[in-house]
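The values are calculated or read from the model by the stated rules, or taken from the named source; none is laboratory data. The shown structure was predicted, so the numbers you read here are calculated from the model rather than taken from an experiment. Cβ coordinates were reconstructed from backbone atoms using ideal geometry, including for glycine residues, and neighbour counts include every protein chain displayed. Please note that ligands, DNA and RNA were not included when accessible areas were found on the heavy atoms of the full protein model with its side chains. Shrake-Rupley method; radii C 1.70, N 1.55, O 1.52, S 1.80 Å.
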Amino acid sequence: MTTGMENCAKPLFTFGIIADIQYADIDDGFNFKRSRKRYYRNSLRLLHNAQKRWTADTVKPRFILQLGDIIDGFNKRHDASERALETVMKEFDSSPVEVHHVWGNHEFYNFSRDTLMRSVLNSTTDSEAGGGHLSSCEIYAYHFSPAPKYRFVVLDAYDVSLLGREESSLKYQQAIAILKAHNDNEDLNHPPAPVGMEQRFVKFNGGFSQDQLDWLEGVLSLADNKLERVTIVSHLPIHPSSTEPICLAWNYDALLSILQAHKSVVCFMAGHDHDGGYHRDDSGVHYLTLEGVIETPPDSDAFGTVSVYEDRMFLKGYGRMSDRILMYP
């Protein structure tokens, strides 16, 4: 999209970004539809490439955003979930930079919500995130400020979901009611329609509870008052023009209405759709879906470094991730 931006004035700070690593120590395979190849072992090498680049950068990233699906669900059936996570975290630990982890569907294929809350994938214990988490221990959502006037919010896109929730829980019951109202397939991972927005009502997606939406509203209202610039991250995309419909959060529209009502919001970043996507809405907010590592061929890459300036962010993409200038609204 652009070149030469990395040679501009020194940024206020930078951060690394990567999505859908889905590592597993198994041979290459295919996606659910068997239409795309997945490179399970190679994903670790591509993470290594990203870490090597971030370490070599003149301006070192202040943190890394890992947008979910860090290991693949196949690990569970091979009783290798813990081992696979340790392998990937060892690669992340090669850099002293804090990593902020988002939870995706593959986190819940491998671990219960309680286990995740006690694991290395719970970033609310990071120093920058201290005190910024949603008080409900059932919801994995928090915010942090890496620099004055800048705030990042991590959302829990599987708050209302069949994944990670006990069948006896209220949120599981809410999720099954939502799915059954839109999807009458026996296999709820199969979309209810071949095209269109109804495709999003599948088991591998989820939604945001009213408690989480109310909490976000409060965080953004404070950010408005402080004249902060806010970037929000989630595993699931929320703008229909930034992804395929089958990858959208169930109640994406409720979240969109909140974001578009707050002048502090500048960007929303997500994973899940391995092809990536981008849209800028009428209010100037950027919706960026990052290309997934798992479907990136061995001769390419899929990660980026975002440089934050007073009037914009610049994404320097590597491999199949595009460069983008993200001007503030």
With +1 on the Cβ of every Lys and Arg and -1 on the Cβ of every Asp and Glu, the dipole magnitude of segment 1-99 about its Cα centre, in debye rounded to the nearest 20, is 340 debye
On the accessible surface of segment 88-247, probed at 1.4 Å with all protein chains in place, carbon and sulfur together account for a percent value of 51 percent
In this structure, the FRET efficiency calculated for E166 and A56 from their beta-carbon separation, with R0 = 56 Å, to the nearest 0.05, is 0.80
In the chain, helical segments from DSSP H whose Cα atoms cover 15 Å or more along their own axis and that average at least -1.0 on the Kyte-Doolittle scale are 42-56, 81-92, 170-182, 210-225
Per principal axis, largest first, the Cα atoms of segment 147-294 extend in Å by 50, 33, 27
Of the residues V120, I178, P148, the Cα lying farthest along the dipole of the chain towards its positive end, which is defined by charges on the beta carbon of Lys, Arg, Asp and Glu, belongs to P148
Summing +1 per Lys or Arg and -1 per Asp or Glu among the other residues with Cβ less than 12 Å from S300's Cβ gives -2
Applying the gyration tensor rule to the Cα atoms of segment 270-329 (axes a ≥ b ≥ c; rounded if a/c under 1.5, else prolate if a/b exceeds b/c, else oblate), the class is oblate
Sorted on mean Cβ neighbours within 10 Å (highest first), peptides 47-59, 145-157 come out as 145-157, 47-59
Taking Cα pairs closer than 8 Å and at least 6 residues apart, the relative contact order of the chain in percent is 20 percent
Excluding near-sequence neighbours (fewer than 8 apart on one chain), the chain holds lysine pairs with C-alpha atoms under 23 Å apart numbering 24
Per the C-alpha gyration tensor (a ≥ b ≥ c, the square roots of its eigenvalues), segment 130-192 is rounded if a/c is under 1.5, else prolate if a/b beats b/c, else oblate; here it's prolate
Among (i) 15.7; (ii) 21.7; (iii) 18.8, the value of mean projected area of the Cα convex hull in nm² computed for this structure carries the label (i)
To the nearest 20 debye, the chain has a Cα-centred charge dipole, built from +1 on Lys and Arg Cβ and -1 on Asp and Glu Cβ, of 660 debye
Probe 1.4 Å, all chains present, heavy atoms only: F30 accessible area in Å², nearest 10, is 90 Å²
per DSSP, antiparallel bridges as share of beta bridges in segment 11-120, % nearest 5, sits at 20 percent
Simple spin-label estimate for V120/Q173, 7 Å along Cα→Cβ, in nm, reads 3.8 nm
The chain accessible area per residue, 1.4 Å probe, protein heavy atoms, integer Å², reads 42 Å²
For the pair R34 and D299, the simple spin-label estimate (label points 7 Å beyond Cα toward Cβ) gives in nm 2.7 nm
Rounded to the nearest 500, the 222 nm mean residue ellipticity computed for the chain from DSSP H runs (n ≥ 4, each -39500 (n - 2.57)) alone is -7000 deg cm²/dmol
